[in-house]
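Take a look at the structure set out below.
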Amino acid sequence: MAMKITVTPTSLPEVKIIEPRVFGDARGYFYESFNAREFAQATGEQVEFVQDNHSLSAKNVLRGLHYQIEHPQGKLVRVIAGAVFDVAVDMRRSSPNFGKWAGVTLSAENRCQLWIPPGFAHGFVVLSASAEFLYKTTDYWFAEHERSLLWNDPALRITWPLDGEPVLAAKDAAGKPLCEADTYA
């Protein structure tokens, strides 16, 4: 049986772009947005998702960079309306890629997903007039363990494709630079 997804590593090998095989005709299209067996075979990751989240954001809203210092979450993210630039930052001090980032455009049009394993901070900025963003997580959200990495930390040098100033939540505007942030071993 042919795989229904294609997996491509980003510049951070653990962060992967997932492209589904889309079956389309004059009626529209169909694809499996998640299949545990296919995901495990294609990525080598055995994951159990425990929570699904759905957000709607306007243009230039920047959410992140978020992570949980305890109960770290793996995330499988996708966009079902609009487009975002999605970013993952390696927060594992023992990693050769500590403090490095990968960014990918996710859109309703390209139907790509991004797998972000535990140990990474995650964020996105909305490129379109609005965007609906869906993601599955491997652990629950715990407010007391959530951290925000400063989205524009000069040490990270993230090239956000912004059209004007970003719209930020207070917790994201007050994010900590990498040199002061809680990190993983």
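Table for the structure above
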{"read-out": "Tally, over region 1-43, of residues that are loosely packed, with under 13 Cβ neighbours inside 10 Å and among the hydrophobic types (A, V, I, L, M, F, W, C)", "value": "9"}
{"read-out": "From 86, 90, residue being under 14 Å from residue 135 (Cα atoms) and buried (at least 19 other Cβ atoms within 10 Å of the Cβ)", "value": "86"}
{"read-out": "Residue that is of a type in the set (Phe, Trp, Tyr), at pLDDT 95 or above and crowded, with 23+ Cβ neighbours inside 10 Å, where the choices are 124, 98, 133", "value": "124"}
{"read-out": "Any hit, region 149-158, residues being aromatic (Phe, Trp, Tyr), crowded, with 20+ Cβ neighbours inside 10 Å and not in a loop (DSSP other than H, G, I, E, B)", "value": "no"}
{"read-out": "From the options 5, 18, residue that is touching a helix residue (DSSP H, G or I) at 6+ places or on another chain (Cβ under 7 Å) and of a type in the set (Val, Ile, Thr)", "value": "5"}
{"read-out": "Some residue of region 169-177 being crowded, with 18+ Cβ neighbours inside 10 Å and over 25 Å from residue 33 (Cα atoms)", "value": "yes"}
{"read-out": "Condition check for residue 150: in contact with a Pro (Cβ under 9 Å, 6 or more places away or on another chain) and modelled with pLDDT of 95 or more", "value": "yes"}
{"read-out": "Residue within region 138-146 that is β-branched (Val, Ile, Thr) and closer than 28 Å to residue 49 by Cα present", "value": "yes"}
{"read-out": "Subset of region 159-185 [of a type in the set (D, E, K, R) and either touching a helix residue (DSSP H, G or I) at 6+ places or on another chain (Cβ under 7 Å) or part of a strand (DSSP E or B) (or both)]", "value": "176"}
{"read-out": "Sole exception among (1) in contact with a strand residue (DSSP E or B) (Cβ under 6 Å, 6 or more places away or on another chain); (2) of a type in the set (A, V, I, L, M, F, W, C); (3) closer than 25 Å to residue 98 by Cα for residue 58, by number", "value": "(3)"}
{"read-out": "Region 93-111 - residue that is farther than 19 Å from residue 152 by Cα and either part of a strand (DSSP E or B) or small (Gly, Ala, Ser) (or both) and, of those, nearest to the chain's Cα centre (by Cα)", "value": "106"}
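The values are calculated or read from the model by the stated rules, or taken from the named source; none is laboratory data. In this text the structure is predicted, and so the values were computed from the model without any measurement. Positions of Cβ are backbone-derived with ideal geometry, glycine not excepted, and every protein chain shown enters the neighbour counts.
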